[in-house]
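Student: Here it is: the structure, laid out below.
The values are calculated or read from the model by the stated rules, or taken from the named source; none is laboratory data. Just so it is clear, the structure is predicted and the values come from calculations on it, not from any experiment. Backbone-built Cβ (ideal geometry, glycine too); neighbour counts: all protein chains shown. Surface accessibility is based on the protein's heavy atoms, side chains included, excluding ligands, DNA and RNA. Shrake-Rupley method; radii C 1.70, N 1.55, O 1.52, S 1.80 Å.
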Amino acid sequence: MAACTVYSTQSLSTNCSISTPSKTQHGFHQRQVVFYTTSRRNSKRVITCAASDSQTVVIGLAADSGCGKSTFMRRLTSVFGGAAEPPKGGNPDSNTLISDTTTVICLDDYHSLDRTGRKEKGVTALDPRANDFDLMYDQVKALKDGIAVEKPIYNHVTGLLDPPELIKPPRILVIEGLHPMFDPRVRDLLDFSIYLDISNEVKFAWKIQRDMAERGHSLESIKASIEARKPDFEAYIDPQKQYADAVIEVLPTQLIPDDNEGKILRVRLIQKEGVKYFSPVYLFDEGSTISWIPCGRKLTCSYPGIKFFYGPETYYGNEVSVVEMDGQFDRLDELIYVESHLSNLSTKFYGEVTQQMLKHADFPGSNNGTGLFQTIVGLKIRDLYEQIIATKAETPVGAAKA
Ligand SMILES: Nc1ncnc2c1ncn2[C@@H]1O[C@H](COP(=O)(O)OP(=O)(O)OP(=O)(O)O)[C@@H](O)[C@H]1O
Ligand SMILES: O=C(CO)[C@H](O)[C@H](O)COP(=O)(O)O
């Protein structure tokens, strides 16, 4: 037995072991892995799992609850083709979504306190004390290293921690939730990170739409829940945006003075410069500053119209370039006109952004910058993944391990 280097925190490394790997006809190593499950950190479990030879690329997606993470994930999965589904035959309340290429795990599964536990201790789910970052790190690292893990499940229906589910290393692992960039060890594992920054006004409008219309909550209870989360959101969630490689910022429109309906949106795609395998999208002319109103013969715009902006900025001390769209499309098929003026989109054919947007015209935000920029970031992630895989394929085996 070789010592297991996967679980590197002190509490795990001393008791963790792994059998000598043997190669199967499918190019996988059969490994017997001894590790701890979440709910029982003091008890060992032995399972046999397959460790893939191919690299797992890890993407982090951070946002508050109800800010469009699921919608973004559906757009991302669609870029790779195939539908994402919960693990077959598993817990019906699993938060995990698996497709051919991607596995999306929800970081709510690393809540260390269940609903009652949080109530008793007087902490919210946003508070780091309600989450197990050691285990999050151990398991994301294991998956990145090609080792399957037994991940806990936080059941949103019952508010309890359910028995864990087996997660095998995928080609792309997306960790989405409240804290993907909070712990520096987890942050360092990310190949790319995104923050969905929804302004309070817009968050409120979306919450009302979903929780009042679809879940029967009262206006007062929605207001109270947003207010109760605010201090912890500001302390622990919002600061993560400084680490993100791409931020999608969603603000009320500036096209209608004093608009407070939250229906027409100004959306900014803030892209960090100098990130490996990521070259920011630009409008017309890279590095310049441009304001563009595309409404005319090629693009139908009803009131209040559409306005684009592109230019360099500084964001938390980092150089970024920003593409901004204020307003909404009347006709989605005309998006091709806008697409043809954007460069570095990482599309595989002319019109791919428009095609993706039309394919999911029923998703929230498909007629505005939220859908457009989520789709573009999805394409950039595909490009990043393909570059990482190509680089790995070119690297001689010995050099890769050095
Ligand atoms: N781009 C958008 N435009 C308008 N409404 C949106 C948009 N994105 C999300 N919403 C609204 O917010 C709700 C939540 O979206 P979604 O389920 O994608 O968020 P989430 O972050 O995954 O939420 P949760 O963490 O609570 O599961 C949607 O039902 C919709 O009402
Ligand atoms: O912020 C959240 C992330 O989605 C949830 O509020 C948190 O996970 C707790 O869930 P629940 O409200 O179902 O107990």
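Student: Of (1) over 22 Å from residue 172 (Cα atoms); (2) away from ligand 2 (no atom under 13 Å from the Cβ); (3) of a type outside the set (A, V, I, L, M, F, W, C), residue 118 satisfies all except one. Which?
Tutor: Just one mismatch for residue 118, condition (2).
Student: For residue 373, which of the numbered conditions (1) surrounded by 22 or more Cβ atoms within 10 Å (Cβ to Cβ); (2) without any contact (Cβ under 8 Å) to a residue 60 or more places away in the chain fails to hold?
Tutor: (2)
Student: Let me ask something additional. Specify the residue that is farthest from ligand 2 (Cβ to nearest atom); the eligible residues are those in region 348-367 that are touching a residue at least 12 places away in the same chain (Cβ under 8 Å) and of a type in the set (Ser, Thr, Tyr).
Tutor: 354
Student: Right, here's the next one. Does residue 224 satisfy being modelled with pLDDT under 95, under 21 Å from residue 123 (Cβ atoms) and not acidic (Asp, Glu)? Lay out the reasoning, then the answer.
Tutor: Numbers: modelled with pLDDT under 95: yes; under 21 Å from residue 123 (Cβ atoms): yes; not acidic (Asp, Glu): yes.
It is true that residue 224 is modelled with pLDDT under 95, under 21 Å from residue 123 (Cβ atoms) and not acidic (Asp, Glu).
Student: Kindly check whether there is at least one residue in region 150-159 that is within 16 Å of ligand 1 (Cβ to nearest atom), among the charged types (D, E, K, R), open to solvent by less than 20 Å² (accessible area, probe 1.4 Å) and closer than 29 Å to residue 386 by Cβ.
Tutor: no
Student: Report yes if some residue within region 322-334 is acidic (Asp, Glu), at pLDDT 95 or above and either in contact with a Lys or Arg (Cβ under 8 Å, 6 or more places away or on another chain) or not in a strand (DSSP E or B) (or both); otherwise report no.
Tutor: Yes, region 322-334 contains at least one residue that is acidic (Asp, Glu), at pLDDT 95 or above and either in contact with a Lys or Arg (Cβ under 8 Å, 6 or more places away or on another chain) or not in a strand (DSSP E or B) (or both).
Student: For region 322-367, what are the residues that are within 16 Å of ligand 1 (Cβ to nearest atom), open to solvent by 40 Å² or more (accessible area, probe 1.4 Å) and of a type in the set (Asp, Glu)?
Tutor: Listed by number, the list holds a single entry, 362.
Student: Another question, if that's okay. Out of 147, 59, I need the residue that is assigned to a strand (DSSP E or B) and β-branched (Val, Ile, Thr). Which one?
Tutor: 59
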